[in-house]
Structure formats: structure tokens, C-alpha cells
Amino acid sequence: MFHGYLPMILDGLRVTLSVAVVSLAVASVFGMMGAVAKLSASPVLRAVAGTYTTVIRALPDLLLMLVIFYGGQILLNTITQAQGWGYVDVNAFMAGTITLGFVFGAYLTETFRGAILAIPRGQIEAAQSIGLSRGQVLRNVTIPQMVRHALPGFTNNWLVLLKATALVSIIGLDDMMHRASLASAATREPFTFYMIVGAIYLAITTVSILGLGALNWRMSRSLRREAVG
């Protein structure tokens, strides 16, 4: 039925999951930086972060993927040629993960900003009153509390990012979608192989929803206990 292509597609799942996980890590870094910048007292940082989230959320992910991959390669090689260095071929995995991370960092910026604002101001002031620096307050008070409030929005962004990993196939990354495309071209049965990929994505998102939902429930219960206490 699958003409021997199923193992090949399943092997591409490793690439898809790698792209998703690395992109999420990159997005979390951008998101945290953007949230801190938006809450900063500096008008310049707020303006930069506001421009970042506005522009990125206004442009299609596919367009950004192509611009960063091809435009970045042109820019990089213009610089290397000016320095007399050799041609540099941009790695598709790196381009894909950086693009997705940069894009979803804009969405996580708003998620993290809202989570930080949900933290009672008194807790931060109490930490500052005992002499903790801003960095210490961020590490020991803000981030642990923020995680609880950010988890629902973080879960939604992870699910959308997971689906967006299918875009990396257009820049030549050998993921599930790319391998399904090769299999469908060879067998002329696109419906079969794209349905397989769809079923795999559905399974991953279902596991993610159950796992992160359980974690969110446990954290919410912990918050309710603290509120009662």
C-alpha cells in the first residue's frame, strides 16, 4: 500500500521534530527579550520591540522563510566576497529554525509580556526591597511565576509552530513533507502520503495537547492552593 516509502517518511519525522524543538528554543529567547524590552523603561527598546512584533505578525510565514533563506544567503555572500572569502552556502536547517524562531518569537513576546504583567507587583517589590538586583529578580521571581501564567499561550504557540514546520520543505530541508512529496511523485499517489503526514502531525499535536494540558492543570491547581493559603 505504501510501496516501501513509509520508513523513509517516518525517518523524516526526526528532522521535523528537530526543527520544531530548536525553533521553539529560539522563539523563547526572542520572546523573552521582546517581552523585557516592551516592559522596559526605555522608549527606544519599547519602540524596537513594538516594531518587531507588529511587522512579523503582519507578514506571512512563507514570505519570511523565503526572504531570510535567499536574502540572507545573498547578504552573507556579498559580505564574504567583499572580504575575499569563498562562497558560503546557507544551511537549510539553520535558516528554517532561525526563521521560525524569529517569527514565533514575536507571538511569544506578547505571551510572555502578558504573563509578566499577571505577576502581582508586590512580589517583585518585595524582592527588590531585600536587595535583589534586577537580574536576580528576573531569575528567581519573575521567570518562575511567569511560566505558570504563560503556559496556556505557550501551548497554543507550540501547536501552531509545529504545523508551521511543514514550510521548511520549500527550502530543501529533508523533512516529512519533503519525503512525502518525493514518494507521491514516484507513485503518483499524493493523497496517500500526504494523509500519512497529516496523521503523524495529528498524533504529535494530540500528545502535546494532553501533556501540556496536564502540566497546565497541575500548575493551575498549585496556583489555586496558594491563593487559598
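Throughout, read-outs are computed from the coordinates displayed, never taken from laboratory work. This is a predicted model, so every value here is computed, not measured. Note that we place each Cβ from the backbone using ideal geometry, even for glycine, and neighbour counts take in every protein chain shown.
Couple of notes before you dig in:
- In the range 186-199, the residue that is farthest from the chain's Cα centre (by Cα) out of those that are over 18 Å from GLY96 (Cβ atoms) and surrounded by 15 or more Cβ atoms within 10 Å (Cβ to Cβ) is GLU189.
- All positions within the range 8-37 that are farther than 21 Å from ALA115 by Cα and of a type in the set (A, V, I, L, M): MET8, ILE9, LEU10, LEU13, VAL15, LEU17, VAL19, ALA20, VAL21, VAL22
- Subset tally (residues that are under 12 Å from VAL197 (Cα atoms) and more than 19 Å from the chain's Cα centre (by Cα)) for the range 162-185: 6
- Count of the range 127-175 residues which are in a loop (DSSP other than H, G, I, E, B) and in contact (Cβ under 8 Å) with a residue 40 or more places away in the chain: 4
- Count of the range 30-55 residues which are out of contact with any Asp or Glu (no Cβ under 9 Å at 6 or more places or on another chain), in a helix (DSSP H, G or I) and either surrounded by 13 or more Cβ atoms within 10 Å (Cβ to Cβ) or among the basic types (Lys, Arg) (or both): 11
- Residue that is nearest to the chain's Cα centre (by Cα) [pool: residues in the range 11-49 that are without any contact (Cβ under 8 Å) to a residue 60 or more places away in the chain and under 30 Å from MET195 (Cα atoms)]: VAL21
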